[in-house]
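Report on one structure; see the data block that follows.
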Amino acid sequence: MHGFANPTRFLAIARPVTPWLAAAGVLLAGYGLYAGLFLSPPDYLQGETVRILYVHVPAAWLGMGGWTGIAVASLAQIVWRHPLAGVAARAVAVPGALFTALCLLTGSLWGRPAWGTWWQWDGRMTSMLVLLFLYFGYIALANAGDERSGVSRATAIFGLVGAVNIPIINRSVVWWNSLHQPASITLGGSKIDAAILYPLVFSALGFTLIFAAIVLMRMRALLARAKVEARLRRMAAA
């Protein structure tokens, strides 16, 4: 992977790939949302409110996946001193926080008709709220550091420590008696009817590609800013 750590080589790959990821993501997510809203049947228990899952589930997946990406990048920065690791972690933080907030918002909208309450301090919802606060803390630490493009070692350590919350989120509905339903999709299969599941697959894949495109765009912007700042420092020292 160090062969791709050179910023010039990375940019040569990221520039052409980014628009293709964005376009494919918009098409897949658009079809998934259209099929979920207009083609799939209502749930036999939840009725039309089940359609919120086509945004809620991908948002939850990307909120958790985003912090997992931060943890992996932080590990690469600390252990292997990967040159682009800090840039990647910083690029993931803002879209990760955005999708986590979207997960909480859509979950609240879904919970009101399904459970009769906007919010419940159960394990799943509380741990997702903790994840949002972790994102806020990470962004604040990254912006406070001296590394304008990447992140400091302390920020990378915070990214690793915060990853402890990811398995807590995943297993919260198993460990604690909760209003939140158990996992409907596991390695053993799916409990969701195929007519409702297939639009979710398109929606989740589409939002994932959009997320990846945003991360690449942010990495390119961070590298460009670092290059400009380095040039200005050289001009000031001349």
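Please treat every number below as a calculation from the coordinates, not as lab data. Keep in mind that what you see is a predicted model, and the values were worked out from it rather than measured. Here the Cβ positions follow ideal geometry from the backbone for every residue, glycine too, while neighbour counts run over all protein chains shown.
Annotations for the structure displayed:
- Region 194-238 shape via C-alpha gyration tensor axes, a/c threshold 1.5: prolate
- Correct choice for Rg/Rh (Cα atoms, Kirkwood Rh) that was computed from the model, options [x] 1.03; [y] 0.94; [z] 1.08: [x]
- Build a GNM of the chain with springs between Cα atoms under 10 Å apart, and of Pro199, Pro42, Pro58 the one that fluctuates most is Pro42.
- Rounded if a/c under 1.5, otherwise prolate or oblate - region 103-156, Cα gyration tensor axes: prolate
- Sequence ranges 96-105, 44-53, 132-141, ranked by mean other-Cβ count within 10 angstrom, highest first: 96-105, 132-141, 44-53
- Charged-residue dipole, Cβ positions (Lys, Arg, Asp, Glu), the chain about Cα centre, Debye nearest 20: 1060
- Net charge in the neighbourhood of Ala88 (other residues with Cβ under 12 Å of its Cβ; Lys, Arg +1, Asp, Glu -1) is +3.
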